[in-house]
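Colleague: One structure, pasted below without further comment.
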Amino acid sequence: MKLLTKNRLLFIYSLIIFVVIQVLYSLGVLNNYYMQIIDIALINIILATSLNIINGFTGQFSLGHGGFMAVGAYTAGVLTTLIFKVSQMQTLPKFALFFVAIILGGILAAVIGILLGIPSLRLRGDYLAIVTLAFQEIVRVSINAIDYVGGPRGLLGIPRLSTFPVIFFTALISIFVLKNVVYSTIGRAMKSIREDEVASELVGVNTTKYKVMAFSIGAFFAGVAGALLVHVLQLAHPTMFGFTSPSIAGPLSILVMVYIGGAGSLSGSIIAAVVLTVLSELLRLGIDALNGLHVLPFTVGPEWRMVLYAVLLIVVMLYRTEGIMGQKEFGVLVPEEEEKNATGGS
């Protein structure tokens with residue numbers, strides 16, 4: 001009998017990482033700047049793993065994750081800033097209402113995911129990508145036109161409620177939930193759709209049902225991540241959720257993380273989210289340093305960060321076409337039963 005299950009190991013390893021980061025922060029080794037990068041990386045883990053459920057494990061090609069992020073972000077932002085006005089409250093009710101706002105943001109995003117999925121997921125490939133991209137733009141333009149939430153000015157004055165412990169344990173819960181979805185009956189049905197949708201239908205898999213389910217699960221966690229993100233940055237702006245947004249937590253960056261890490265690998269999404277978040281910030285600092293040295297006869301604009309970022313990604317894709325992890329997982333994310341089936345053990 002094993003004393004430690006994989007779930008317990010996952011929790012213990014995560015707790016060690018959490019304690020190490022907290023100790024380094026308390027000792028001054030990590031300052032607020034580094035902590036914000038860690039916060040963004042953790043939010044990107046939620047976004048990348050949730051999108052991987054749709055694109056990697058179910059084999060769809062959604063470009064609408066930014067729309068779900070925006071729904072969760074603005075729902076939570078409006079609740080905490082305009083309706084509850086939590087900045088005027090004591091700590092306990094403030095964070096209680098913040099958690100309510102996060103969950104409601106995720107639920108509303110999931111509901112919209114279902115409503116979008118029912119009619120559109122009968123489409124495949126490029127057609128599905130076009131529909132989801134159109135959905136994202138509809139959400140962005142609609143928010144831009146609503147003056148109550150700030151319109152083109154954005155929603156300002158959002159309190160900074162997304163602390164490191166809140167983000168860390170939300171990311172841990174999302175990994176735990178998504179891991180269990182992947183290795184459940186639902187996950188096996190999703191993988192069968194990815195491998196051959198026609199064959200799945202022939203053996204009785206309700207492909208539309210499971211594709212809509214993947215969309216709703218991915219949308220829920222995207223909404224949660226969007227809510228966390230705006231309570232780190234303390235603002236929500238429509239341009240943050242456009243497909244071409246240069247933000248490291250933007251929809252295009254998240255899509256890249258999924259395929260660089262490995263479509264069909266939660267572990268790959270975790271690695272890519274952390275590495276690419278840090279890499280993007282290093283490129284920004286490198287450009288600032290280059291401009292400060294005045295070695296070039298012109299100033300290098302911040303947009304070149306995305307050019308260098310793209311070149312590095314192209315190199316990775318040329319030499320590692322299946323992504324960093326392919327469809328492999330860290331051992332701690334694979335249940336014991338699944339390992340036994342893979343090795344033919346009893």
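The values are calculated or read from the model by the stated rules, or taken from the named source; none is laboratory data. These numbers come from a predicted model, not from an experiment. Virtual Cβ from ideal backbone geometry, glycine too; neighbours counted across all protein chains shown. Calculation scope for accessible area: heavy atoms of the full protein, side chains included, ligands and nucleic acids excluded. Shrake-Rupley method; radii C 1.70, N 1.55, O 1.52, S 1.80 Å.
Colleague: Does the range 211-229 hold any residues that are more than 15 Å from the chain's Cα centre (by Cα) and buried (at least 24 other Cβ atoms within 10 Å of the Cβ), and which are they? Reasoning before the result, please.
Modeller: Just the residues of the range 211-229 that are more than 15 Å from the chain's Cα centre (by Cα), to begin with: 211-213.
LYS211, the sole residue that qualifies.
Colleague: Just wondering, is there one or more residues in the range 202-223 that are modelled with pLDDT of 95 or more, touching a His at 6+ places or on another chain (Cβ under 6 Å) and in a helix (DSSP H, G or I)?
Modeller: Within the range 202-223, one or more residues are modelled with pLDDT of 95 or more, touching a His at 6+ places or on another chain (Cβ under 6 Å) and in a helix (DSSP H, G or I).
Colleague: While we're looking at this one, here's another question. Give the residue, chosen from VAL232, VAL274, VAL307, that is farther than 29 Å from ARG194 by Cβ, at pLDDT 90 or above, part of a helix (DSSP H, G or I) and open to solvent by less than 70 Å² (accessible area, probe 1.4 Å).
Modeller: Numbers: VAL274 fails: farther than 29 Å from ARG194 by Cβ; VAL307 fails: at pLDDT 90 or above.
Residue meeting the stated conditions: VAL232.
Colleague: Tally up the residues in the range 235-248 that are polar (S, T, N, Q), within 23 Å of VAL278 (Cβ to Cβ) and open to solvent by 30 Å² or more (accessible area, probe 1.4 Å), please. Before you say what the answer is, go through the steps one by one.
Modeller: In the first step, residues of the range 235-248 are kept if they are polar (S, T, N, Q); the result is 239, 244-245, 247.
Applying the additional criterion that residues be within 23 Å of VAL278 (Cβ to Cβ) yields 244-245, 247.
Going one step further and asking which of them are open to solvent by 30 Å² or more (accessible area, probe 1.4 Å), we end up with 244, 247.
Going through the range 235-248 one residue at a time, the tally reaches 2.
Colleague: Scan VAL205, VAL198 and give me the residue that is more than 28 Å from VAL334 (Cβ to Cβ) and more than 20 Å from the chain's Cα centre (by Cα). It would help to see each step written out before you state the result.
Modeller: Numbers: VAL205 fails: more than 28 Å from VAL334 (Cβ to Cβ).
None of the others qualify; the one that does is VAL198.
Colleague: Taking only pairs six or more apart or across chains, which ones have beta-carbon atoms under 7 Å, a first residue in the range 189-204 that is within 15 Å of LEU123 (Cα to Cα) and in contact (Cβ under 8 Å) with a residue 40 or more places away in the chain, and a second residue that is open to solvent by less than 50 Å² (accessible area, probe 1.4 Å) and of a type outside the set (S, T, N, Q)?
Modeller: ILE193/GLY59; ILE193/VAL205; ILE193/TYR210; ILE193/LYS211; ARG194/PHE57; ARG194/GLY59
Colleague: Just to be sure I understand, how many residues within the range 116-125 are in a helix (DSSP H, G or I) and not polar (S, T, N, Q)?
Modeller: If we filter the range 116-125 for residues that are in a helix (DSSP H, G or I), which is where we start, we get 116-120, 125.
This time we only want the ones that are not polar (S, T, N, Q), so: 116-119, 125.
Residues in the range 116-125 being in a helix (DSSP H, G or I) and not polar (S, T, N, Q): 5 in total.
Colleague: Of the residues that sit in the range 112-129 and are without any contact (Cβ under 8 Å) to a residue 40 or more places away in the chain and open to solvent by 50 Å² or more (accessible area, probe 1.4 Å), which one is nearest to VAL198 (Cα to Cα)?
Modeller: Pass one, the range 112-129, residues without any contact (Cβ under 8 Å) to a residue 40 or more places away in the chain: 115, 119-120, 123, 127.
Right, trim to open to solvent by 50 Å² or more (accessible area, probe 1.4 Å) and you get 115, 119, 123, 127.
Numbers: LEU115: 24, PRO119: 19, LEU123: 13, TYR127: 17 Å.
Of everything passing the filter in the range 112-129, LEU123 is nearest to VAL198 (Cα to Cα).
Colleague: I've got another one for you. Kindly evaluate VAL256 against the criterion of being within 23 Å of ASN44 (Cβ to Cβ), assigned to a helix (DSSP H, G or I), touching a helix residue (DSSP H, G or I) at 6+ places or on another chain (Cβ under 9 Å) and among the aliphatic types (A, V, I, L, M). First the steps, then the outcome.
Modeller: Values: within 23 Å of ASN44 (Cβ to Cβ): yes; assigned to a helix (DSSP H, G or I): yes; touching a helix residue (DSSP H, G or I) at 6+ places or on another chain (Cβ under 9 Å): yes; among the aliphatic types (A, V, I, L, M): yes.
The answer is yes for VAL256.
Colleague: Of all the residues that make up the range 235-254, how many are modelled with pLDDT under 90 and not small (Gly, Ala, Ser)? Break it down into steps so the answer makes sense when it comes.
Modeller: So the first thing to find is which residues in the range 235-254 are modelled with pLDDT under 90, and the list is 242-253.
Cutting the leftovers down to not small (Gly, Ala, Ser) gives us 243-244, 246, 248, 251-252.
Total satisfying the criteria: 6.
Colleague: Among the listed residues LEU10, LEU47, LEU15, LEU51, identify the single one that is within 22 Å of PHE221 (Cα to Cα), open to solvent by 30 Å² or more (accessible area, probe 1.4 Å) and under 22 Å from the mean Cα position of the chain (by Cα). Steps first, please.
Modeller: On the way: LEU10 fails: open to solvent by 30 Å² or more (accessible area, probe 1.4 Å); LEU47 fails: open to solvent by 30 Å² or more (accessible area, probe 1.4 Å); LEU51 fails: open to solvent by 30 Å² or more (accessible area, probe 1.4 Å).
Answer to the selection: LEU15.
Colleague: Would you mind telling me which numbered condition in (1) at pLDDT 95 or above; (2) under 20 Å from GLY157 (Cα atoms); (3) touching a Ser or Thr at 6+ places or on another chain (Cβ under 9 Å) VAL86 fails?
Modeller: Among (1) at pLDDT 95 or above; (2) under 20 Å from GLY157 (Cα atoms); (3) touching a Ser or Thr at 6+ places or on another chain (Cβ under 9 Å), VAL86 violates only (1).
Colleague: I've got another one for you. Look at ARG160 and say whether it is modelled with pLDDT of 90 or more, surrounded by fewer than 16 Cβ atoms within 10 Å (Cβ to Cβ) and part of a loop (DSSP other than H, G, I, E, B).
Modeller: Values: modelled with pLDDT of 90 or more: yes; surrounded by fewer than 16 Cβ atoms within 10 Å (Cβ to Cβ): yes; part of a loop (DSSP other than H, G, I, E, B): yes.
The answer is yes for ARG160.
Colleague: In the range 280-301, which residue that is surrounded by 13 or more Cβ atoms within 10 Å (Cβ to Cβ) and touching a helix residue (DSSP H, G or I) at 6+ places or on another chain (Cβ under 7 Å) is farthest from VAL258 (Cα to Cα)?
Modeller: Here the answer is VAL300.
Colleague: Is it the case that some residue within the range 47-57 is touching a Phe, Trp or Tyr at 6+ places or on another chain (Cβ under 8 Å) and closer than 21 Å to LEU282 by Cβ?
Modeller: Yes, there is a match, as at least one residue in the range 47-57 is touching a Phe, Trp or Tyr at 6+ places or on another chain (Cβ under 8 Å) and closer than 21 Å to LEU282 by Cβ.
Colleague: Inside the range 311-327, can you point out the residues that are more than 19 Å from the chain's Cα centre (by Cα) and in contact (Cβ under 8 Å) with a residue 24 or more places away in the chain?
Modeller: Those that are more than 19 Å from the chain's Cα centre (by Cα) and in contact (Cβ under 8 Å) with a residue 24 or more places away in the chain: LEU312, VAL316, MET317, GLU322.
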